[in-house]
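The block underneath contains the structure these notes are about, expressed in structure tokens.
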Amino acid sequence: MSTPVGAAILALMVSALLIAGCLAPGNNTSLTTPTTPRTSSVTVIEVTTTPTLVPENVTITPPLPAAAVTPNVTLPGAATLETGPKKQAYPYAIRTRSQFLYLDTYDGVVDYLQNQYPDRPTDFYNPATLGPYYRQYVSDPVQKKYLADFILNIHDRSELPEERVRIAVSLIQHIPYALTPRTLYPYEVLHYDMGKCDDKSILMAYVLSEMGYGTALFLYYPEHHMALGLKCPVQYSYNGSGYCFVETTEPSIMTYSNGTYVDVGKLTSTPDIIKISDGESFDQIGEEYTDARSFDAVINSATWNGTMMTLDAINYNQFGYLRQKYGLWDLDIQKLP
């Protein structure tokens, strides 16, 4: 088939952002040497308590108030936690500019967290048990203390709250994807500088919730995949859920959910939406929504031959602009004379 002058042939390098088993079974195994590597409706999971029904003509005497108990929790000191320092540099892209954010992490904090793993629910496929389970990963006080500098560093990168969100999202998307034997704490993802879909989604939920935004986890059981839900205006949200889809395994445009994943294909199931935090709506996401629609139109305009796609000059230039703006993974690009 002949190609007009000015057309572009893109050798598409498909990233292995998701393989079967992205949501690993998980246990309390220590991670000493990590291995590198839509349907119609949406249900938001809320944990509720079933009220106790009281028969008529029965008087219930309230119990005497229990004596107040003050928890006596002693956390390890700096001498224990701040051992094995490790200097980290995390790349991110913001408005076509690539930069780095720096942080010191500690083996001692990781050693502490490895003794704090929550037990997985007995019935892991019961959505009602998942909210409390995953929220434990974002509530540890030691982790909160040692991630405070990370949040502050993002804060100092811009005076605009919306740009801080974009920096945080890009930074976490750029952390390398790798399979891990269990769900990692957010601090561990930063320390090991890698994680799978659930590890990175929980990290992003933690960071954005600390920045004051409402967050949730999108859990796709059939595809064994997890993504972030960021509270946003309903017109931009995923299936009208009030949460915008954010892929976490690789650089991607917020609200773009039409990616094709290795061994899975497109996400076609309806996810369970597990609420992690209350907070503000990211109302400025309309820019990403528009760019994601443009990106989708570019991909759909392509002529495919296996993993190769051919674009006309206009779509080629738009593809290049969006790739640079969001720091999307590099592709091998060639132009016809």
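Below is a table of values for the structure above.
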{"read-out": "Computed label-point distance, nm, for sites Tyr125 and Tyr221 using a 7 Å Cα→Cβ extension", "value": "0.6"}
{"read-out": "Extension reserve of the Arg97-Asn115 stretch, reckoned as 0.36 nm per residue once the Cα distance is removed", "value": "2.5 nm"}
{"read-out": "Contour minus Cα-Cα distance for Ser269 and Trp329 (0.36 nm per residue)", "value": "19.0 nm"}
{"read-out": "When each of Lys275/Lys325; Lys86/Lys145; Lys87/Lys325 is checked by Cα-Cα distance, pairs over 19 Å", "value": "Lys275/Lys325; Lys87/Lys325"}
{"read-out": "Euclidean distance between Cα centres, region 88-147 to region 250-299, Å", "value": "21"}
{"read-out": "J(HN,Hα) series, region 135-151, from Karplus relation 6.51 cos²θ - 1.76 cosθ + 1.60, nearest Hz, glycine and proline x", "value": "5, 5, 6, 10, 10, 6, x, 5, 4, 4, 4, 8, 9, 4, 5, 4, 5"}
{"read-out": "Cα gyration tensor, region 189-255 - rounded (a/c under 1.5), prolate or oblate", "value": "oblate"}
{"read-out": "By average C-beta atoms within 10 angstrom, highest first, the peptides 173-185, 102-114, 304-316", "value": "173-185, 102-114, 304-316"}
{"read-out": "Modelled FRET efficiency - R0 41 Å, Gln235 with Thr74, Cβ distances, 0.05 increments", "value": "0.25"}
{"read-out": "In nm, spacing of pseudo-spin labels at Trp304 and Ala178 (7 Å Cα→C-beta vector)", "value": "3.1"}
{"read-out": "Rounded FRET efficiency, nearest 0.05, which uses the C-beta distance separating Leu160 from Thr290 and R0 of 22 Å", "value": "0.75"}
{"read-out": "Solvent-accessible ranking of Lys231, Lys144, largest area first, probe 1.4 Å", "value": "Lys144, Lys231"}
{"read-out": "For peptides 322-328, 242-248, 127-133, sequence by mean Cβ density within 10 Å, most packed first", "value": "242-248, 322-328, 127-133"}
{"read-out": "Hz values of 3J(HN,Hα) by residue in region 297-304 - Karplus curve (6.51, -1.76, 1.60), Gly and Pro given as x", "value": "5, 4, 4, 6, 7, 6, 9, 9"}
{"read-out": "Largest-first principal axis extents of the Cα set of region 154-312 (Å)", "value": "44, 36, 30"}
{"read-out": "Carbon + sulfur, % of accessible area of region 210-281 - ligands and nucleic acids excluded, 1.4 Å", "value": "46"}
{"read-out": "1.4 Å probe accessible area per residue over region 198-295, in Å²", "value": "29"}
{"read-out": "In range of the label at Lys144: residues from region 198-217 whose backbone nitrogen is under 19 Å from the point 7 Å along Cα→Cβ", "value": "202-216"}
{"read-out": "Ser237 long-range amide H proximity, modeled H, under 5 Å", "value": "Gly242"}
{"read-out": "Per-residue HN-Hα couplings for region 246-257 [Karplus 6.51, -1.76, 1.60; θ = phi - 60°; Hz; x = Gly/Pro]", "value": "9, 5, 10, 6, 7, x, 7, 7, 3, 5, 7, 10"}
{"read-out": "Residues with amide H under 5 Å from that of Glu280, placed H, sequence gap 5 or more", "value": "Tyr213, Gly214"}
{"read-out": "Share of alpha-carbon pairs per 5 Å distance bin for region 218-263, given as whole %", "value": "5, 22, 30, 26, 13, 3, 0"}
{"read-out": "Span from the region 210-241 Cα centroid across to the region 173-192 one, whole angstrom", "value": "19"}
{"read-out": "For His225, residues with placed amide H under 5 Å, excluding near neighbours", "value": "Tyr220"}
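The values are calculated or read from the model by the stated rules, or taken from the named source; none is laboratory data. Every value quoted in this text rests on a predicted model; they were computed, and no experiment measured them. Counting neighbours? That spans all protein chains shown, and the Cβs are built from the backbone with ideal geometry, glycine included. Only protein heavy atoms, including side chains, enter the accessible area calculation; ligands, DNA and RNA are left aside. Shrake-Rupley method; radii C 1.70, N 1.55, O 1.52, S 1.80 Å.
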